[in-house]
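Notes follow the structure.
Quick note: the coordinates plus some simple rules give every number you see, no bench work behind them. Since this is a predicted model, take the numbers as computed values, not measurements. Note: ideal-geometry Cβ built from the backbone for every residue, glycine included; neighbour counts use all protein chains shown.
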Amino acid sequence: MELAPALASIALGVAIAAPVGPVNLVCIRRTLATGWLPGLASGLGAALADGAFAAAAAGGIGLLPAVISAHLAELRLVGGLGLVVIGAATALSPAPNPSLTPGASGGVRGLASAFVSTFLLTLSNPAPLFALGAACAALELNGLRTSAPARVVGVLTGSALWWLVLASTIAWARGRMATRWLRLVNPIAGVAVSLCGVAILGSLWFRALPG
C-alpha cells in the first residue's frame with residue numbers, strides 16, 4: 001500500500017468520523033459518565049460501521065448501496081426512533097459518579113453493549129456511505145488509487161484514531177471537571193441526542209407530505 005493513498009484513506013476515515021453528530025455525543029457522554037474505556041468502545045463500534053461503509057463504497061459489497069437506497073426511509077425511521085429512545089434514557093440516567101475509576105463501569109458486557117449500540121446506530125445513518133462513495137471516486141480521479149481492502153483498512157484506521165483521540169481528550173477533561181458540571185452531562189447529552197432523532201423523524205414527515 002503506497003504512502004499517499006494510505007494517508008488519504010486514513011484522513012478520509014477521520015473526516016467521516018469527526019463531524020459532531022449523535023454518535024459523537026453518545027461517545028462523549030459515555031466517556032464523561034463511565035470513563036475512557038466505555039467511551040472508546042462506543043467509538044470503535046462506529047469505526048467498524050465506517051469500515052463497512054468503506055467496503056461498500058470501494059466496491060467490496062456491490063449490492064449494499066442499492067439495498068440501502070431502496071430502504072433509506074426505513075433506516076432513517078429506525079435510526080430516528082433509536083436516537084429518541086437513547087436520548088430519553090440518557091437524560092433520565094443518574095448523574096455520573098466523579099469517583100468512578102475510568103473504565104470500571106459495566107465490565108465486558110457493558111463494553112460489548114456500548115460497541116454494538118454505536119455500530120448499529122451508525123449503520124442506521126447511510127449518509128457516510130454516499131459521502132465515502134463520492135470521496136473514493138474523487139481520490140481515484142486525483143491519482144490516489146488503491147485496492148478496496150487497503151481503502152477499507154485506511155478508513156477504519158482513521159476513524160478508530162479519531163475515536164481514540166476523542167475518548168482520551170474527554171477522559172482527560174473529565175478528571176478536571178467539577179461535580180456540579182458532571183451532573184449536567186446526562187440531561188444535556190440526552191436532550192441533544194433526542195433532538196437529533198426528532199430532526200431525522202421530522203425530515204421523514206416533511207418528505208411524506210404531498211407536493
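Data overview
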{"quantity": "Förster radius 25 Å - calculated FRET efficiency between residue 182 and residue 116 (Cβ-Cβ, nearest 0.05)", "calculated": "0.45"}
{"quantity": "Fully extended contour minus Cα-Cα distance, from residue 203 to residue 92, at 0.36 nm per residue", "calculated": "37.4 nm"}
{"quantity": "Neighbour net charge for residue 123 - beta-carbon separation under 13 angstrom, K R +1, D E -1", "calculated": "-1"}
